Each structure stands twice: as C-alpha cells, then as structure tokens.
Amino acid sequence: MMADAPQPQARSRDPIGVFDSGVGGLSVLQALRAELPDERFVYVADSGHAPYGERDDIHVVARSQAITRYLVAQHRIKALVVACNTATAAAILQLRQEFPDLPIVGIEPALKPAAAQSHTRRIGVLATRGTLNSEKFRVLLASLQDQADFVLQACDGLADAIEQNDAIKTEALCVYFTRASGPFGIEQNCVDTLVLGCTHYPFAADILRAQVGESVIFLEGGAPVARQTRRLLAARSWLATEHTLAPAVVFGTTGDPSKMQAAIARWLHEDCEVQSLNIE
Ligand code: DGL
C-alpha cells in the first residue's frame with residue numbers, strides 16, 4: 001500500500017530552513033521574519049567552514065548539500081532559503097536536483113532592481129569572488145549589459161572581517177573597495193546605486209554609507225527572497241496558519257556558539273541559545 005502524501009496542514013507546522021556560510025544570512029532572516037511572522041525557522045551558520053567566497057565550488061557545493069541533508073533529516077524543513085549569494089551561485093542547481101520536492105529559494109545580487117532604479121546608469125556591485133566568477137552571475141550580468149554600466153568589485157576578506165567582528169579590518173576594507181568602485185554621487189558618470197551582493201555586507205552598511213554619501217541607493221536581496229518564500233509556500237498551502245509557542249528560530253553553528261550568540265545580540269538584539277553542530 002502506498003503511504004499517504006502529507007496533508008497541507010501537517011506541513012504548515014514544519015519549520016523553514018535557512019543557511020549561510022556564517023552570520024550574514026541573519027540579514028535575510030530578519031526579512032523572512034518580517035514577511036512571515038507566524039513561521040518557525042532553523043538557521044544554520046556554517047562558520048566552521050567559512051568563508052565560502054574565496055573557496056572553490058567543490059567545497060561550497062559539498063557544504064550546501066551536507067547542511068540541506070541535515071535540515072531535511074533532523075528538522076523536517078518544509079522549505080529551504082539559501083541565504084548566501086555564493087552558495088546560491090555554486091550549489092542551488094545541485095540542491096534542486098537532490099531535493100525536487102523541497103521549495104528552495106536562493107539569493108542573487110540585486111542587479112535587476114538596480115538597473116530599474118539607477119539614473120546615472122552606473123551601478124556598483126560588491127560581492128564575493130565566488131559570486132562574481134560564477135556562471136549564474138555571468139548570465140545575469142549579460143542579460144542587463146545594455147541597461148547600465150556595472151562596476152564589479154570582488155571584496156576579498158570583507159565577509160570574514162564582518163564574521164569575526166573585526167571593526168578595524170571591516171572599515172579598512174570598506175574604504176578600499178568603495179574607493180576602487182567610485183566616484184559615487186548623483187552626477188553623470190558617478191555610481192548612484194550600490195548592490196550589496198553578499199548577505200554579510202548589510203551589517204557594514206553604516207561604514208559603507210559613510211564612504212559613499214547619503215545620495216547613493218543601497219540594494220540587498222532579503223525582502224524579495226522573503227516574498228518569494230511566501231509565494232512558494234502559499235502555492236502549496238503550506239503557510240503557517242497559527243502562531244505556536246515554540247521558539248520562532250532555532251539557531252545552530254558549526255563554529256563557535258558563543259561568537260554566534262554575540263552576533264545575534266549585536267545584529268538582531270536578541271538573547272538566544274545557539275546549538276553547536278557537527279555537520280559532515
Ligand atoms: N554571505 C555569503 C554571501 O552572501 C558569503 C560570505 C563568505 O562566506 O564568503 O555571498
């Protein structure tokens with residue numbers, strides 16, 4: 001006899017899995033919680049194997065697969081959000097092949113909204129080397145090439161400096177990479193729109209803002225990812241229908257839980273337990 005397919009109500013109570021190489025995906029989690037306040041989430045920071053952005057695809061694909069297998073097997077997630085541009089570019093196709101029934105939402109640098117908003121038609125893109133060198137990014141860029149000039153900047157070390165909460169290094173790298181991408185402003189030939197193409201970078205937004213000035217528009221991908229997650233769950237009738245008393249987010253890390261706890265307190269202003277995970 002064939003097993004019955006799970007009822008929509010049964011899946012609606014399951015959590016949504018979210019992962020990143022580290023704490024950067026917390027910027028996406030914020031957007032997810034704002035869009036989907038009744039949902040429960042399991043967040044995995046792969047800080048023990050970060051950064052992803054300067055590693056080869058084989059490493060990033062293997063880590064993305066291992067984390068997704070863990071989330072499916074241990075937490076019965078009903079959807080996955082890959083809250084990392086680098087992992088989306090390297091691994092989302094393989095994840096969709098391995099888990100064809102799992103709704104999977106990835107994140108990509110917000111080039112399309114940038115092209116739609118920029119007046120000077122000169123757009124800065126800060127991202128990891130892995131994202132900028134990926135085939136997925138190449139195709140995205142080619143589709144918009146006639147709409148604007150994109151000034152691409154691989155920000156080696158910046159995600160790691162933010163991950164380590166190294167304020168001096170974060171500031172020095174932000175100064176260096178914005179100088180290399182400018183000039184900024186609303187005048188002709190200036191970059192008037194800056195795409196934060198790595199989920200860690202919104203946590204350096206104030207430092208970047210001090211470099212480029214108030215007139216420059218910053219774009220990140222959290223809110224569109226959250227809306228797409230809602231759409232995919234709604235299409236299956238898998239949205240949470242009631243608020244549960246269970247904790248809204250279960251946090252885990254393959255790195256140091258006390259560092260993750262400090263990052264959550266710093267960025268989300270919450271005091272949470274963080275599980276130590278060994279995902280191989
Ligand atoms: N937060 C990740 C991204 O969005 C990558 C950071 C890293 O590990 O290099 O690309």
How much length is gained if the chain between Glu98 and Tyr176 is pulled fully straight, taking 0.36 nm per residue apart and subtracting their Cα-Cα distance, in nm to one decimal?
24.1 nm
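In cubic angstrom, how much convex hull volume per residue do the alpha carbon atoms of segment 167-222 span?
Values: hull volume 4.2 nm³, N = 56.
About 74 Å³ per residue, rounded to a whole number.
What is the gain in length, in nm to one decimal, between Arg236 and Ile186 on full extension, counting 0.36 nm per residue of separation less the C-alpha to C-alpha distance?
Numbers: separation 50, 0.36 × 50 = 18.00 nm, distance 4.40 nm.
Here the segment from Arg236 to Ile186 would lengthen by 13.6 nm.
Give the whole-number value, in cubic angstrom per residue, of the convex hull volume spanned by the C-alpha atoms of segment 96-243.
Values: hull volume 22.4 nm³, N = 148.
Here the figure is 151 Å³ per residue.
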Quick query: amide H of Val191 versus all other amide H atoms, modeled in the peptide plane; which residues come in under 5 Å with a sequence gap of 5 or more or a different chain?
Phe184, Gly185
Out of Val60, Val216, Val28, a Gaussian network model of the chain with alpha-carbon springs under 10 Å gives the largest mean-square fluctuation to Val216
Cα coordinate range in segment 62-121, projected on the principal axes (Å, largest first)
49, 21, 16
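Can you give the percent of C-alpha pairs in segment 1-160 whose distance is more than 27 Å? Mind dumping the intermediate values first?
Values: 3829 of 12720 pairs.
Cα-Cα pairs of segment 1-160 separated by over 27 Å account for 30 percent.
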Whole Å is fine, so just give me how far the alpha carbon centre of segment 106-129 lies from that of segment 182-229.
8
What residues have an amide H closer than 5 Å to that of Val151, excluding those fewer than 5 places away on the same chain, when H is modeled at 1.01 Å from N in the peptide plane?
Ile123, Gly124, Val125
Give me the lysines in straight-line cross-link reach of Lys259: C-alpha distance below 18 Å, same-chain residues under 8 apart excluded.
Lys169
Using Cα springs under 10 Å in a Gaussian network model of the chain, which residue among Gly53, Gly185, Gly17 shows the largest mean-square fluctuation?
Gly185
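Rounding to the nearest 20 debye, state how big the charge dipole of segment 45-119 is about its Cα centre with +1 on each Lys and Arg Cβ and -1 on each Asp and Glu Cβ. Don't skip to the end; give the middle numbers.
On the way: 7 positive and 7 negative charges, 52 e Å.
In debye, rounded to 20, segment 45-119 gives about 260.
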What Kirkwood radius, in Å to one decimal, follows from the Cα pairs of segment 22-95?
12.9
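Given a Förster radius of 22 Å and the C-beta distance between Asp38 and Arg69 as r, what FRET efficiency does 1/(1 + (r/R0)^6) yield to the nearest 0.05? Intermediate values should be presented prior to the final figure.
Details: r = 27 Å, r/R0 = 1.21.
E(calc), rounded to 0.05, equals 0.25.
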Among all the lysines, which ones have a C-alpha under 16 Å from Lys136's C-alpha, if same-chain residues fewer than 8 places away are not counted?
Lys112
Tell me the volume per residue, in Å³, of the convex hull enclosing the alpha carbons of the chain.
133
Quick check for you: with a 1.4 Å probe and neighbouring chains kept, what is the accessible area per residue of segment 1-131, in Å²?
40
Normalise the Debye intensity by I(0) for segment 221-280, one equal point scatterer per Cα, no solvent, then take log10 at q = 0.30 Å⁻¹ and round to two decimals.
-1.06
Once amide H atoms are built 1.01 Å from N in the peptide plane, which residues 5 or more positions from Ile77, or in another chain, come under 5 Å H to H?
Val72
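The values are calculated or read from the model by the stated rules, or taken from the named source; none is laboratory data. Computed from a predicted structure; not experimentally measured. Cβ coordinates were reconstructed from backbone atoms using ideal geometry, including for glycine residues, and neighbour counts include every protein chain displayed. Just so you know, the surface numbers come from the protein's heavy atoms only, side chains and all, with ligands and any DNA or RNA stripped out. Shrake-Rupley method; radii C 1.70, N 1.55, O 1.52, S 1.80 Å.
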